1. Taking the Cβ of each residue in B:E51, B:E137 as the centre, tally the other Cβ atoms inside 10 Å and list the residues starting with the fewest.
2. In terms of modelled amide H atoms, which long-range or inter-chain residues lie less than 5 Å from the amide H of B:L78?
3. How far apart, in nm, are the 7 Å Cα→Cβ label points at A:Q5 and B:A206?
4. At a 10 Å Cβ-Cβ cut-off, how would you order B:K117, A:K102, B:K153, fewest neighbours first?
5. Across peptide B:9-19, how many C-beta atoms of other chains are within 10 Å of each residue C-beta, on average?
6. Considering only Cα-Cα distances, which of the following residue pairs are longer than 32 Å: B:K74/B:K183; A:K88/A:K214; A:K88/B:K74; B:K119/B:K183; A:K153/A:K183; A:K119/B:K88?
7. Distance from the Cα centre of the stretch A:129-166 to that of the stretch B:3-76, in angstrom?
8. Rank the residues A:L150, B:L45 as a footprinting-exposure proxy: fewest other Cβ atoms within 10 Å of their Cβ go first.
Protein chains: 2
Amino acid sequence: MSIGQYSYEEYLSVVRSFHGYTAPGLAAGGFMVDLALSRMPDGVLFEAVCETRNCLPDAVQLLTPCTVGNGRLKIINLGRFALSLYDKHSGEGVRVYVDAQKVRAWPEVEAWLFKLKPKREQDCQLLLEQIRQAGPELYGIETVLVQPQLLGKRRRGAIGCCNLCGEPYPIDDGAICRACAGKTPYLVPGAEHFERPFDGPALDAAPLRDTVGKTALHDMTMIVPGKSKGAAFVNRVMKKGSLLEETPENC
Amino acid sequence: MSIGQYSYEEYLSVVRSFHGYTAPGLAAGGFMVDLALSRMPDGVLFEAVCETRNCLPDAVQLLTPCTVGNGRLKIINLGRFALSLYDKHSGEGVRVYVDAQKVRAWPEVEAWLFKLKPKREQDCQLLLEQIRQAGPELYGIETVLVQPQLLGKRRRGAIGCCNLCGEPYPIDDGAICRACAGKTPYLVPGAEHFERPFDGPALDAAPLRDTVGKTALHDMTMIVPGKSKGAAFVNRVMKKGSLLEETPENC
């Protein structure tokens, strides 16, 4: 029983060092990648798709030349424990998936996969042993043809500096980078106790020049110092020059 | 000049074996991860965010315990060459980014980062040498607080078998899995010459029970054998039982 260039035990040791522990998903993943590799013709430059973010991407990264960082492994989260290797140019390839019927013959694997008992009641050693004993028998394999729009290298276009944060970013993203346009995963300095007030849709900030034809989400207040203060733009559809032309010079 | 437990040369050799070649992004990434690690307090259980899919995720995976498959590395594509390491529980951490100003002092690095010359005119050795010589000097570092909704483990809920493909999937996704609901990256067998007819919005198939209140995209044709054939549901808003109740028994 071997996985790629490794014995099963050697593979588990490589898994421990990269993934942190011998996750059952990586044990199964090892056999799955091995199966897929065995069906790929020699000399084909291939790429990979993982249909889950859990565990499986690490098996692909350990056993094939495809990594997330070199762009040859794509993770398309479909929630299925499955992966494909495919010819980078033609899209022809093989898909290996967990076969729900075959798993029934291995109770500890079935209990793990379908979450039939709480994690603390799982017998981890027995689970790894059943995955090893079953070897390639738990999985199905089929040929696939990857959609043409997923083939080929993604191009990022020109790089400039963001007008707000000043960092290099792909100028195709707009006048400011995606982080400054509201996609930041960080709390904004000075607003560090901010929490989402409700579970509503995520909203994006947009550079002024991209708002033409859209409705402003908030009213905007115009303050003319010493003279007036009030809602100037209410439920306003943005037009070219809206804010500049219609605002008194001293605002 | 060292990167983590490695000398610069050793690190490049590990990069070659994992990533396939000594990409400049991984050379820079090595220094960036090293910088971030040096600012993390000892004993903190941390996770990572990469703000780009290019190269940097592999530096994180090689030099920290965070991988895509173990869920401790998240890739949030903001188009910036930057990463953060942060306390898994509190969200407090450090962010390391390429400092556009500092890069100006290193012409080959600047030309690479801002794509100032075609790839074939890059001097790859000089580029790697400048990245090595500059060491940590090319980067900025700042403290960050990661948004609370990104902290904590994602839970997948119960697992069932998809009513269409029969594979295990998270039943929270609906009556059928995401792949069967139209997210598949593969061409459908029997329709292998299918290509997207236009660059319009991506459309999803939906299980019948989830369509109540929605408008059907296509008219539907009713055929009563030997009697009639015609558009039965035109621009139709779906109601509970629509298709079953209003269709003659022999359809």
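1. Working: B:E51 25, B:E137 12.
Fewest to most other Cβ atoms nearby, the residues stand as B:E137, B:E51.
2. Under 5 Å from the amide H of B:L78 lie the amide H atoms of B:T52, each far enough along the sequence or on another chain.
3. So the label points at A:Q5 and B:A206 sit 5.1 nm apart.
4. On the way: B:K117 12, A:K102 15, B:K153 7.
If I rank by nearby Cβ atoms, fewest first, I get B:K153, B:K117, A:K102.
5. Numbers: counts 0, 0, 0, 0, 0, 0, 1, 0, 1, 7, 6.
Rounded to a whole number, the mean comes out at 1.
6. Numbers: B:K74/B:K183 21 Å; A:K88/A:K214 40 Å; A:K88/B:K74 25 Å; B:K119/B:K183 35 Å; A:K153/A:K183 24 Å; A:K119/B:K88 21 Å.
Among B:K74/B:K183; A:K88/A:K214; A:K88/B:K74; B:K119/B:K183; A:K153/A:K183; A:K119/B:K88, the Cα-Cα distance tops 32 Å for A:K88/A:K214; B:K119/B:K183.
7. First find each Cα centre; the distance between them is then 19 Å.
8. Numbers: A:L150 15, B:L45 9.
The most exposed by this proxy come first: B:L45, A:L150.
FYI, it's all coordinate maths here, none of it is from the lab. Since the structure is predicted, the reported quantities are computational estimates derived from the model, not experimental observations. Heads up, the Cβs are rebuilt from the backbone with ideal geometry, glycines too, and the neighbour counts pull from every protein chain shown.
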